[in-house]
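Down below is the structure, laid out as structure tokens.
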Amino acid sequence: MKGMKRITTLLLAGSMALTFSACVRNDRIDTDGSDIEESSEEITGTSEEVLKWCESDRFYLYGHEIVFGETTVQELYDITDCCVFYDFDETYTQKIYFTIDDLVDIPCCRIFPTEKAKESEVASAFIYIQRPEGYFHQDYPLKEGIIYGISFKPNTASLWGDNISFDVPLTMTPEELIENSGEPVRCEYGMYGYHAGGKKYEDHMFEFDEKGRLVEFTIQKITWG
């Protein structure tokens, strides 16, 4: 009949496989009854494995991925020159500063959100550096060093804006950490330590204050031992 919609239902029986896709239809009907716009959006289901925060092995700086055990000091420096490289003298009372081309042994590194922030270490993040492959207990060019970890204080995040981010949420609670990553191998004085990837080292550490707020965390990928 004119003006009526016909609905046809097809039933498949027997051993035939039934394949279907679910779609959401959004039809807008004009006042005169005519169909003036139709859109379709397919719904797909995904089941991705949940990332354990205690196994994160990277962070993101100015939109670049820093992968522990892979990214070099030179690559880090190319992303941001707001870096300070140093070590201490024999008495540990005075800092010795390095340039990217210096030969070093076990250098320290801090990165800052701005040049002005270098005046204080409050807003800095500590970067862990290891020797590149082929160097054993000998000095090496700093630029060839390998980034293997970072320590970060969430209360400095506002100073960084969107320029730094992590797979680790900065507002987690101890309960959420355990729910995501399981029981820690160390749990005392607000410190929760994990052996990431089943290694023997306590290379992921999360520190909470008395109110259960995350105040600092260290994530590393130990590639020796």
Original post:
Pairs, please: C-beta under 6 Å, at least 6 apart or cross-chain, first residue in a helix (DSSP H, G or I) and in the range 172-192, second among the β-branched types (Val, Ile, Thr) and surrounded by 14 or more Cβ atoms within 10 Å (Cβ to Cβ)?
Top reply: none
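Yes or no, residue by residue, for (1) farther than 15 Å from GLU55 by Cα; (2) surrounded by fewer than 17 Cβ atoms within 10 Å (Cβ to Cβ); (3) of a type outside the set (Asp, Glu):
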{"site": "ILE147", "(1), (2), (3)": "yes, no, yes"}
{"site": "PHE152", "(1), (2), (3)": "yes, no, yes"}
{"site": "ASP162", "(1), (2), (3)": "yes, yes, no"}
{"site": "PRO169", "(1), (2), (3)": "no, yes, yes"}
{"site": "LEU177", "(1), (2), (3)": "no, no, yes"}
**OP:** Mind telling me which of the residues ALA157, ALA123 ends up being of a type in the set (Gly, Ala, Ser), at negative phi and at pLDDT below 95?
**Re:** ALA123
Original post:
Just for the range 105-145: of the residues that are crowded, with 19+ Cβ neighbours inside 10 Å, in contact with a Cys (Cβ under 8 Å, 6 or more places away or on another chain) and of a type in the set (A, V, I, L, M), which one is nearest to PHE217 (Cα to Cα)?
Top reply: ILE127
**OP:** Could you check, for the range 129-137, whether at least one of its residues is modelled with pLDDT under 95 and assigned to a strand (DSSP E or B)?
**Re:** yes
Original post:
Failed condition for ILE96, given (1) of a type in the set (A, V, I, L, M, F, W, C); (2) open to solvent by 50 Å² or more (accessible area, probe 1.4 Å); (3) within 15 Å of LEU61 (Cα to Cα), with all others met?
Top reply: (3)
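Output the number of residues of the range 70-93 satisfying the condition of being part of a strand (DSSP E or B), at pLDDT 95 or above and either surrounded by fewer than 17 Cβ atoms within 10 Å (Cβ to Cβ) or touching an Asp or Glu at 6+ places or on another chain (Cβ under 9 Å) (or both). Outline the logic, then answer.
Within the range 70-93, the subset part of a strand (DSSP E or B) is 72, 83-88.
Within this subset, residues satisfying the condition of being at pLDDT 95 or above are 72, 83-87.
With the extra rule that they be either surrounded by fewer than 17 Cβ atoms within 10 Å (Cβ to Cβ) or touching an Asp or Glu at 6+ places or on another chain (Cβ under 9 Å) (or both), the set shrinks to 72, 84-87.
The number of residues fulfilling the criteria is 5.
The values are calculated or read from the model by the stated rules, or taken from the named source; none is laboratory data. No experiment lies behind these values; they were computed from the predicted model shown. Heads up, the Cβs are rebuilt from the backbone with ideal geometry, glycines too, and the neighbour counts pull from every protein chain shown. Surface accessibility is based on the protein's heavy atoms, side chains included, excluding ligands, DNA and RNA. Shrake-Rupley method; radii C 1.70, N 1.55, O 1.52, S 1.80 Å.
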